[in-house]
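Structure, as structure tokens:
The values are calculated or read from the model by the stated rules, or taken from the named source; none is laboratory data. Nothing here was measured: the structure is a model prediction, and the numbers come from that model. Don't worry about glycine lacking a Cβ; one is built from the backbone with ideal geometry, like all the others, and counts go over all protein chains shown.
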Amino acid sequence: MRVFIVVLVAAFITIFHVQAQKEVTLPASEMQKLAKHIDNLVKRDSINEAIIKQLKDSLKQTSNTNSIAPQTQTEAKASTVQITLKDRGNINGDTSLLLFAIFAFVAGFLTIITPCVFPMVPMTVSFFLNTSNSKKESIRKAIIYGLSIVSIYTLIGVVLAATIGKDFGHFISTHWFPNLLFTLIFVVFALSFFGLFEITLPNKFINKVDKQSDQGGYIGIFFMAFTIVLVSFSCTGPIVSTILLSAAGGEIIKPVVGMLAYSSAFALPFTLFAMFPNWLKSLPKSGGWLNTVKVSLGFIELGLALKFLSLADQVEHWNILNRNTFLLIWVLILFSLGLYLFGLIKLSEHDKGSIGWIRKSLAVLSIISAIYLGMGISGNPLKQLSGYLPPLEDYTTDTDKICGTPKYGDFLHLPLGLQGYFDYKEAVACAKKQGKPLFIDFTGHGCVNCREVERNVWADSSVLKHLREDFVIVSLYTDDRTDLPEDQWYTSKLDNKVKKNIGAQNNDFQESRFKYQGQPLYVILDPNTEKELTQPVTYERSVPAYLDFLKEGKANYEKLYE
């Protein structure tokens, strides 16, 4: 069009010039009409060009959007529709506390059948019977003795809970240094159980406490209990430390519950045998089998050391202890334990002699366990142990289901081939574009319950289908210590401390926004308003309940924007 106008004007000038040379002139009125006509043509052409340019830009933008995310939709405006959330109970309950208490209780019973404690049971009960005027008095003394043991160990738990605050507990459970230190401690405990040396408290201190037991009365009984706690430290110390380190995550209740459960199991035999002294006749005699128990616990302590080393490796992204290496070491430990129980490996004079059917049965069980873990090296997910193993490397680097390459995707991954994000703002922006609700997964490298939910619930085909198709997922690691650029640091309103790394910021966001500290925590939000579409859930192992949670979130989102 512009070329046409230029040609027309050029022709007019040429004609005008020719006519001028011929001394021919046009009337002024005709000249004005011609100028006005040319001006209208120019304006019309400019308007048409503007329209064409706008259409071209619109088509280009649509093309680019489709090439990045084919399923992208127009961002929805925030809805004003009111929805009602289903009551899912109080998320502040610790669903793993009962299991931890059971673990501590079983550990207390294991302590009884160690060489440091088992011989003390009949001796202590006989003392109560011989120094009492009646059976009732001996039972009363035994109960006080048992309660004294419980109070001593529980006091240790209370002191730990009071002295280790949330911040220090979080440091212990996530920083590489304490986890490497715990690894070393457990190796030392294992070597002690193997008989290389004994870990004992100073004799001078033990003797002072023992003298207090001569006072008689209830005070004397208390110091008798204190003495057994100190004397048995070489056997009980590693087990008690295992329980306390498992609880050292900044929690107040867990150390107390752990010590209460442990000490109850530890004290129970003393009380029961004092009530029913005839039961003492049924006890097996002390002998080499007690040393077998102690050495077997040493193999277990060696395996537990790996857990702390693995946590440090995951948090710091060293990649020196992957899943297969972890499993291989555990296979060697269990296989060695089996050989020891079969008598093929001897660590002391106590290991000589005949081997009973119980020991042979435990040896077979150990070998079978080694074979089972070996299956994990060949690809078996080992779902029941998923929380205690490094994660499977079944992640994907594809981004066709989301809005581009996620930040931190080079070292953080989602399980089961799911695609998603590790930065909250990025995920919100993508959820808006795709017109989907946002699924937040507050997780951690060292979160046992998180791995169990992923392998036992998320892996269900129905749950996995919903996660893949109906949500934009963001996994926020609360224990990742990757430092952020200084311009991304901020001071928390909760504790007035500067949050400098990924985990600290995600943990602060979880606690300040959702008033909950533990992991896992699952939240479904409307990305346009960032309001909850369901009540959050935590450690949920029921597939139907988890499906109901996902379906409610999807249905409520559709109600808002239908």
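Some observations on this one:
- Phe422 satisfies every condition listed in (1) under 20 Å from Leu550 (Cβ atoms); (2) modelled with pLDDT of 95 or more; (3) not basic (Lys, Arg) except (1).
- Pairs meeting the criteria (first residue in segment 141-153 and in contact (Cβ under 8 Å) with a residue 24 or more places away in the chain and closer than 12 Å to Leu260 by Cβ, second residue hydroxyl-bearing (Ser, Thr, Tyr) and in a helix (DSSP H, G or I), beta carbons under 6 Å, at least 6 apart or on different chains) are Ile149/Ser263; Val150/Ser263; Val150/Ser264; Tyr153/Ser263.
- Residues in segment 316-351 that are within 30 Å of His175 (Cα to Cα), in contact (Cβ under 8 Å) with a residue 40 or more places away in the chain and in contact with a Gly (Cβ under 7 Å, 6 or more places away or on another chain): Leu327, Trp330, Val331.
- Within the set Leu533, Leu484, the sole residue that is of a type in the set (A, V, I, L, M), free of Cβ contacts under 8 Å to residues at least 24 places away in the same chain and either out of contact with any His (no Cβ under 7 Å at 6 or more places or on another chain) or under 22 Å from Trp176 (Cα atoms) (or both) turns out to be Leu484.
- Cβ pairs under 8 Å, 6+ apart, first in segment 192-211 and modelled with pLDDT of 65 or more, second part of a loop (DSSP other than H, G, I, E, B): Ser192/Glu198; Ser192/Ile199; Phe194/Leu347; Gly195/Leu347; Gly195/Ser348
For every residue, the table says whether it meets (1) touching a Cys at 6+ places or on another chain (Cβ under 8 Å); (2) surrounded by fewer than 16 Cβ atoms within 10 Å (Cβ to Cβ); (3) more than 22 Å from Leu332 (Cα to Cα).
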{"site": "Ser361", "(1), (2), (3)": "no, yes, no"}
{"site": "Asp398", "(1), (2), (3)": "no, yes, yes"}
{"site": "Pro406", "(1), (2), (3)": "no, no, yes"}
{"site": "Asp410", "(1), (2), (3)": "no, yes, yes"}
{"site": "Leu416", "(1), (2), (3)": "no, no, yes"}
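- The residues listed here are Thr325, Thr271; of these, the one that is under 28 Å from Val150 (Cβ atoms) and either surrounded by fewer than 22 Cβ atoms within 10 Å (Cβ to Cβ) or not assigned by TED's automatic domain parsing to the domain that holds Val448 (or both) is Thr271.
- Within segment 518-552, being under 13 Å from Asp441 (Cα atoms) and polar (S, T, N, Q) holds for Gln519, Thr538.
- Test: Cys430 is assigned to a helix (DSSP H, G or I) and either surrounded by 18 or more Cβ atoms within 10 Å (Cβ to Cβ) or in contact with a strand residue (DSSP E or B) (Cβ under 9 Å, 6 or more places away or on another chain) (or both): yes
- Out of Ile185, Ile228, sole residue that is modelled with pLDDT of 80 or more and either outside any helix (DSSP H, G or I) or not assigned by TED's automatic domain parsing to the domain that holds Gln519 (or both): Ile185
- Residue match in segment 413-426 (condition: in a helix (DSSP H, G or I), assigned by TED's automatic domain parsing to the domain that holds Leu533 and in contact (Cβ under 8 Å) with a residue 60 or more places away in the chain): yes
- Gly379 being in a loop (DSSP other than H, G, I, E, B) and closer than 24 Å to Ala431 by Cα: no
- Residues (under 30 Å from Asp480 (Cβ atoms), β-branched (Val, Ile, Thr) and not in a helix (DSSP H, G or I)) located in segment 300-356: Ile320
- Among the residues of segment 458-498, those that are buried (at least 17 other Cβ atoms within 10 Å of the Cβ) and either more than 20 Å from the chain's Cα centre (by Cα) or aliphatic (A, V, I, L, M) (or both) comprise Ala459, Val463, His466, Leu467, Asp470, Phe471, Val472, Ile473, Val474, Leu476.
- Boolean, Leu245 is of a type in the set (A, V, I, L, M), at pLDDT below 70, assigned to a helix (DSSP H, G or I) and within 27 Å of the chain's Cα centre (by Cα): yes
- Of Pro238, Pro277, all but one fail to be surrounded by 19 or more Cβ atoms within 10 Å (Cβ to Cβ) and at pLDDT below 75; the exception is Pro238.
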